[in-house]
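Any read-out appearing in this document is the output of simple, stated calculations on the displayed coordinates, not a laboratory observation. Computed from a predicted model, the values in this text were never measured in an experiment. No Cβ is skipped: glycine too gets one built from the backbone with ideal geometry, and neighbour counts run over all protein chains shown.
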Amino acid sequence: MAAPGFERVPISEQAPEVRAKNFEEVCLGYTEEEAVVEAARCLNCKNPRCVSGCPVNINIPGFITALKDKDFKRSYEILTESSSLPAVCGRVCPQETQCEAQCIRGIKGDAVSIGKLERYVADRAREEGTKMKVECAPNGHKVAVIGSGPAGLTCAGDLAKLGYEVTIFEALHEAGGVLTYGIPEFRLPKEKVVAPEVENVKSLGVKIETNVVIGKSVTIDELMENEGFEAVFIGSGAGLPMFMKIPGENAKGVFSANEYLTRNNLMKAFRENSDTPIFKGAKVAVVGGGNVAMDAARTALRLGADTTIVYRRSAAELPARAEEVEHAKEEGIKFELLTNPVEILTDDQNNVTGMKCVRMELGEPDASGRRRPVVIEGSEFELETNAVIMALGTSPNPLIASTTKGLETNKWKCIVADEKFGKTSKEGVFAGGDAVTGAATVILAMGAGKAAAKGIDEYIRNK
Amino acid sequence: MPFKQEVPSVMYLIKKKKVLCPSIFLMEVEAPRVAQYCEPGQFLIVRIDENGERIPLTICDYDREAGTITIVVQTIGASTKRMMDLEEGQGFHDVVGPLGQPSELVTDDIEEVKNKKILFVAGGLGTAPVYPQVKWLHEHGIDADVIVGAKTKDLVILEEEMGKVAGNLYITTDDGSYGRSGMVTKVIEDLVENEGKKYDLCVAIGPMIMMKFCVLTTKKYDIPTIVSMNPIMVDGTGMCGACRLTVGDEIKFACIDGPEFDGYKVNFDEAMGRMRLYQTQEGEALLALQEGKTHHGGCGNCGGDK
Ligand SMILES: Cc1cc2nc3c(=O)[nH]c(=O)nc-3n(C[C@H](O)[C@H](O)[C@H](O)COP(=O)(O)OP(=O)(O)OC[C@H]3O[C@@H](n4cnc5c(N)ncnc54)[C@H](O)[C@@H]3O)c2cc1C
Ligand SMILES: Cc1cc2nc3c(=O)[nH]c(=O)nc-3n(C[C@H](O)[C@H](O)[C@H](O)COP(=O)(O)OP(=O)(O)OC[C@H]3O[C@@H](n4cnc5c(N)ncnc54)[C@H](O)[C@@H]3O)c2cc1C
Ligand code: SF4
Ligand code: SF4
Ligand code: FES
């Protein structure tokens, strides 16, 4: 193989025409040889800029150097000092705007493939059965964690390592949060990657009680008063779907991305032996431009639909990870950019037949700093489709806030918590992840879970 | 599936099963967390096994001490038929709840409720969810009138139980094989127009079509009417929006805002249409269940394994 140079070692992927018909993982990962060669491109910088781009400040040169030296165990140890879900983050972090965006190698050539290397080390450790280091003498204190997404899993894992007796309460029948119900199999394999990460957390002694909806089955106050939990971490995510409030939105064939993805990922509707049905239209339109929209579109494509993404801004503003947009295009998904639906059209049985759309152009920047799309007069047209999937974003479910005395939320229904330790307005209650920030990223949720674990430890020790 | 092994195969034990009529059965299931705080009007979601879909069912009774809940199920499609095959001693893979809002009668000021003359209208299986509400009222010193309607005599369920807690119990069958004769709407008309009854509130629970016509009837007499909606659901916690309904000029999620709504405001036609969304696929699933193994052999000839 070529000497370490300006270009990154290419990674093998399933060919687009093959993967468009299956739910297997798209990216096949590096081989040992490829990983070591790519690792050698890292300059092991004294002041590594990449580290400042990583929200949990992984010792990037450290783990990459160990990898280069083929000390895979050490490399995994360094990774897991800062991250409890490396196999997940290596796959789904928006690296191009985080660690890799800062890499010095990126100035003249390609940034080091930090994410792919992280994935390699984590996958290898799993295959070889390497476990996270644990030193936990039980300390007899009980902590409850609500939600088993990245925030909850990380917080629970860190607390268990400190000796706490931790129980995670999860509303759904399976742990993992968005990793399980939202992000599809072809990006994040469930049995191969997510289940072992959950198992890792359990192996630290964390109990996971599924099928418990906090606020319905039991409230936070009851957990603290009747079940002996001294502190609670809320990592309940931002699962409430938004709709556009346009005519026809309740027609048969209009879904939230959450519903569509949950049917397919959590309920495995793509499998023959699943009892859960999923709507298979010949033509599917997905409204939105984020990761969620890409995932819904690529799922629809794999279920056999001719799929179009409808997004109101231009390609430059697509909030999805660059890699996912690229993959979607390669697989044959069409993009109607600068386009916005104004009405969903139906037949006399209320089935979706199309979408009335308008073309947009970009005007002045809005509050988010992005140029605001404005309607082009007289540009109305009809897009034929049998199904519409709304991927417009999500907000936190108000269920917990509305059933917990003294828990403050802001106008977006996000739980108010301090950034350093995730402390909320209610004593002994901490929060982090999407429930606090609104829909964000896996790594930020993980970071918040870590911070809260520190906060909870401090709180209980000083009580 | 190496990661499932430590999970016991029976998680939510079926303590009792009783077949009420050929297509309706009752089960008492161990689910302590649900039994602890549930109230009349709420529902739960069960999953039969690892491949099962999430099936919403009303909580028809509960025993907080024993940690059990009672469900009454009608076999409609593949999943509910599969559920009927479960026996005492077996269990559900998952049970989650209580979900949804308790009935307003339970949460409203009891003195106000006492001043109301209440009529319950139960259609078919709807008798099951009506029962805990009538029972709750009875326990609080309020006797409500109840109309129970069924297609035919064999499909009348929970008659004895209901009789113990209801004020007046009127049973009617569509074919006249038992009790009065005709639809529940006819009984409402008879009671109000010919038998001098006055009601301040009606609670109608049953198939959507029956609730729709109940509302049209009670509107004539200006009786405010509450209905319990049972749209298609997935999570039951507000996460998917599958259960959304048009109520007045608002969109409501039945699983968190309901399942009970002001019947005058519900758009029944839209809701009934949305229920039929997966009809073809569910029909295929039922066929596959009925034809059973013969169609899963993978002989390669019929394409049945594809
Ligand atoms: C389709 C999709 C694709 C995405 N792609 C990416 C990506 O490529 N890269 C990236 O970094 N991020 C991505 N994200 C965002 C990322 O997944 C989230 O930011 C992250 O999962 C948030 O973690 P969390 O732990 O805060 O919450 P979640 O992962 O949402 O987990 C919350 C958990 O809490 C449970 N819960 C909620 N309420 C209750 C309750 N009352 N009682 C008990 N349990 C409850 C939920 O069921 C859920 O399991 C994506 C999100 C989606 C939906
Ligand atoms: C809040 C709520 C409470 C409910 N309580 C009860 C109860 O106490 N007892 C009970 O037997 N059933 C109850 N149901 C209905 C029950 O969930 C469905 O009958 C069940 O999901 C059907 O599953 P299946 O696979 O057997 O039938 P499917 O094969 O899924 O359905 C067969 C046909 O039935 C119709 N259907 C689909 N979903 C529903 C639905 N949610 N309700 C009615 N018809 C449907 C469709 O037209 C479909 O084609 C409730 C539903 C909700 C939402
Ligand atoms: S966790 Fe994410 S941001 Fe941090 S190094 Fe890994 S891929 Fe980069
Ligand atoms: S900035 Fe790039 S080259 Fe430098 S240590 Fe980080 S990954 Fe290696
Ligand atoms: S069932 Fe999913 S939101 Fe109501």
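Below is a table of values for the structure above.
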| read-out | value |
| --- | --- |
| Kyte-Doolittle at least -0.5, axis length at least 15 Å by Cα - qualifying DSSP helices, chain A | A:150-161, A:291-302, A:442-461 |
| Computed [θ] at 222 nm, deg cm²/dmol, chain A (DSSP H ≥ 4; -39,500 (n - 2.57); rounded to nearest 500) | -9000 deg cm²/dmol |
| Inter-part distance where segment A:90-168 and segment B:117-163 are each reduced to a Cα centre, Å | 55 |
| Share of pairwise Cα separations in segment B:104-224, more than 16 Å, in percent | 57 |
| Exposure proxy order (Cβ contacts within 10 Å, fewest to most) of B:GLU189, A:GLU272 | A:GLU272, B:GLU189 |
| Student exercise, segment B:104-224 dipole from Lys, Arg, Asp, Glu Cβ charges, in Debye to nearest 20 | 320 |
| Largest-first principal axis extents, alpha carbons of chain A, Å | 67, 63, 50 |
| FRET efficiency, B:ASP222 to A:LYS405 (Cβ-Cβ, R0 45 Å, nearest 0.05) | 0.70 |
| For segment A:259-310 versus segment B:240-258, the gap between their alpha-carbon centres in whole angstrom | 22 |
| At R0 = 56 Å, FRET efficiency that the Cβ-Cβ distance of B:GLU161 and A:GLU382 yields, to 0.05 | 0.50 |
| Sum of -39500 (n - 2.57) over DSSP H runs of 4+, divided by residues of chain B (222 nm, nearest 500) | -7500 deg cm²/dmol |
| Segment A:1-42-segment A:385-463 distance, computed between alpha-carbon centres (Å) | 36 |
| Sum of side-chain charges, A:ILE415 neighbourhood, beta-carbon under 15 Å (Lys, Arg +1; Asp, Glu -1) | 0 |
| Charge-dipole axis of segment A:243-392 as Lys and Arg at +1 and Asp and Glu at -1 on Cβ define it, positive-most pick from A:SER314, A:MET267, A:VAL254 | A:MET267 |
| Residues A:TRP412, B:TRP136 arranged by fewest to most Cβ contacts within 10 Å | A:TRP412, B:TRP136 |
| Distance (nanometres) between label positions extended 7 Å along Cα→Cβ at A:GLU127 and A:ARG49 | 3.3 |
| Separation of the A:LYS329 and B:ASP143 label points, Cα + 7 Å toward Cβ, nm | 7.6 |
| Within the protein assembly as shown: Cβ-based charge dipole about Cα centre, in debye rounded to nearest 20 (Lys, Arg +1; Asp, Glu -1) | 1360 |
| Counted charge near B:GLY52, where neighbours are those whose Cβ lies closer than 10 Å (Asp, Glu -1; Lys, Arg +1) | -2 |
| Partner lysines for B:LYS17 [C-alpha distance under 29 Å; skip if fewer than 8 residues away on the same chain] | A:LYS216, B:LYS4, B:LYS81, B:LYS135, B:LYS151, B:LYS153, B:LYS164, B:LYS293 |
| FRET efficiency estimate (nearest 0.05) - Cβ-Cβ, B:ASP249 to A:LYS192, R0 51 angstrom | 0.60 |
| Charge dipole (debye, nearest 20) of chain B; +1 at Cβ of Lys and Arg, -1 at Cβ of Asp and Glu | 540 |
| Positive dipole terminus of chain A, leading residue within A:THR219, A:PHE169, A:ASN57 (C-beta point charges) | A:ASN57 |
| Restraint check, A:LYS131/A:LYS207; A:LYS426/A:LYS454; B:LYS116/B:LYS197; A:LYS68/A:LYS450; B:LYS117/B:LYS197, Cα-Cα greater than 21 Å | A:LYS68/A:LYS450 |
| At most 15 other Cβ within 10 Å, DSSP loop - chymotrypsin sites (Phe, Trp or Tyr not before Pro), segment A:3-99 | A:PHE6 |
| Estimated distance in nm for a label pair at A:SER12 and B:MET272, the labels positioned 7 Å out from Cα along Cα-to-Cβ | 5.8 |
| Cα-based reach from A:LYS245 at 24 Å (exclusive), listing lysines while leaving out same-chain residues under 8 positions away | A:LYS280, A:LYS283, A:LYS356, A:LYS411, A:LYS413, B:LYS252, B:LYS265 |
| Restricting segment B:64-131 to GluC sites (Glu not before Pro) in coil, as DSSP defines it, with at most 14 other Cβ within 10 Å | B:GLU65, B:GLU87, B:GLU88 |
